[in-house]
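The values are calculated or read from the model by the stated rules, or taken from the named source; none is laboratory data. Remember, it's a predicted structure, so these values are computed and weren't measured experimentally. Please note: Cβ atoms are built from the backbone with ideal geometry, for glycine as well, and neighbour counts cover all protein chains shown.
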Amino acid sequence: MTAATGAARGAGDDNEVMASVKVGSVDALSVLYDRYCDRAYRIARSVCRDDGRAQEAVQETFISIWTTRRTYEPRGNVAPWVLTIARHRAIDIARRNAPHAAHRASDERLHKLPAPSNVAELVAGRAEAHDLLGLLAQLPDAQREVITLAFYGQLTHTEIAEHLHLPAGTVKGRMRLGLQRLRGDIDRVVS
């Protein structure tokens, strides 16, 4: 069994899968996609705030990984690397579409209207999520980055520290300060 075949079956850790991707295994790319597409989508969705654009960001993430595979050099864990690419692709897409977003309604909103009995809950939930994303956007970049990677990317403090080349204590400190600020902001909004 070759390394590419083993990676295709899901065997092996992320570094083995990436080694197979690097030599051109489409099956290994499929394994990588299966492992990280959901997490990448959650990060992209938190940035783009639109399902279609988030899906586009995930697609661009894995296209980018494939097209640049020969230059990949392992530096730490694969997960933070993949999820950072997804975040950057989502930011690019959000910026590209920002001027047009205010002037068009998404097809999802037009075709998937909620059932009348759930409208109040749906509106309240979306309003809270929108408010929370707005408060998150007001955090300093360093705090917002670690919180986004932890909650949307589901990375551990250690994985975030390795990816950002920071001490784990710095990551924990940024996380603590950011969450404290978010709590204070939420308390002010609720009061």
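Assorted remarks:
- Within region 9-47, the set of residues being closer than 19 Å to Ala150 by Cβ and buried (at least 22 other Cβ atoms within 10 Å of the Cβ) comprises Tyr36, Ala40, Ile43, Ala44, Val47.
- When region 114-158 is filtered for residues that are among the charged types (D, E, K, R), at pLDDT 65 or above and exposed (fewer than 15 other Cβ atoms within 10 Å of the Cβ), the ones remaining, listed by number, are Glu128, Asp131, Asp141.
- Residue in region 78-94 that is farther than 30 Å from Ser20 by Cβ and at pLDDT 80 or above present: yes
- Note on region 95-113: among residues that are part of a helix (DSSP H, G or I) and either small (Gly, Ala, Ser) or at pLDDT 90 or above (or both), the one that is farthest from Val47 (Cα to Cα) is Ala101.
- One residue stands out among those in region 14-73 that are polar (S, T, N, Q) and under 22 Å from Ile91 (Cβ atoms): the one that is nearest to the chain's Cα centre (by Cα), which is Ser46.
- Residue in region 31-44 that is part of a helix (DSSP H, G or I), small (Gly, Ala, Ser) and modelled with pLDDT of 85 or more present: yes
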